[in-house]
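Accompanying notes for the structure given below.
The values are calculated or read from the model by the stated rules, or taken from the named source; none is laboratory data. Keep in mind it's a predicted model, so treat the numbers as computed, not measured. We place every Cβ from the backbone using ideal geometry, glycine too, and count neighbours over all the protein chains shown. SASA here: full protein model, heavy atoms, side chains in, ligands and nucleic acids out. Shrake-Rupley method; radii C 1.70, N 1.55, O 1.52, S 1.80 Å.
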Amino acid sequence: SPLLIGVVREKTVRDSIAAIRNSEYRGATGIDLHLSCMEESERTVENLRKIVQACRLPILALSYNQTYEYAPFTTDEETRIELLLRFVEAGGAAIDLQGYTYDLPSKDAFREEFSHLGYSFIRDLPKEVVVDEKVIQRQMELIDRVHHAGAEVLISTHPWVPMNCEQVVDLALFLEKRNPDVIKIVTPCYNDEQLAESFKTMLTLKKEVKTK
């Protein structure tokens, strides 16, 4: 059955715990905790452990590139990933590993030097999709590290271009090779035909892709 997720974007530990409690009361079955929205002084392992221990639900930590005010969260990739690892050390259930991790240019545009490769999903140059084998290897090493620490990994991509069933399935199978626990692909739908294609895609994914 679908999960009902409470999205927590707060500056402090106290406000984060309060938001989680409200989500629990309203029937949430899991929590998204946006670490980049928290004040820097609040993002210690000790403080993050307080949040984890105060919550009866599994928490997925996100370190997206936005602050509480939706301004850019400007930091290098190593610092951003270290924040996620801090959450894992605090006992968190899972982290959101963005598709462009360790390759920031891919966040805003597909790297055209790889556009000649024959993958169906790169036809319209999607964002947040990395095919550079060196970057993929670093991502896989990070996933292994998180698994070794006892947490799970959701790998997420927001291509920002419509994709047909074949393209999404091919992308999911491509991401699956990195050994994540969950795959998240968000594509836009602009008309009825694309909506119908998305329903077809969701049914096909259940048959063709083993990963959740």
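Tabulated data
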| item | result |
| --- | --- |
| Extreme residue, surrounded by the most Cβ atoms within 10 Å (Cβ to Cβ), among residues of the range 80-102 that are out of contact with any strand residue (DSSP E or B) (no Cβ under 6 Å at 6 or more places or on another chain) and aromatic (Phe, Trp, Tyr) | 100 |
| Filter result for residue 150 (over 27 Å from residue 90 (Cβ atoms), open to solvent by 10 Å² or more (accessible area, probe 1.4 Å) and over 17 Å from the mean Cα position of the chain (by Cα)) | no |
| Lone qualifier among 105, 126 - being closer than 23 Å to residue 187 by Cα, at pLDDT 90 or above and exposed (fewer than 13 other Cβ atoms within 10 Å of the Cβ) | 105 |
| Test: residue 197 is in contact with a Ser or Thr (Cβ under 6 Å, 6 or more places away or on another chain) and either over 18 Å from residue 129 (Cβ atoms) or charged (D, E, K, R) (or both) | no |
| Those residues of the range 4-26 which are touching a strand residue (DSSP E or B) at 6+ places or on another chain (Cβ under 9 Å) and in a loop (DSSP other than H, G, I, E, B), in sequence order | 4, 9, 10, 26 |
| Cβ-Cβ under 7 Å pairs, at least 6 apart or on other chains, the range 17-31 side more than 18 Å from residue 2 (Cα to Cα), far side open to solvent by less than 20 Å² (accessible area, probe 1.4 Å) and assigned to a loop (DSSP other than H, G, I, E, B) | 20/55 |
| Any hit, the range 93-103, residues being of a type outside the set (A, V, I, L, M, F, W, C) and farther than 15 Å from residue 156 by Cβ | no |
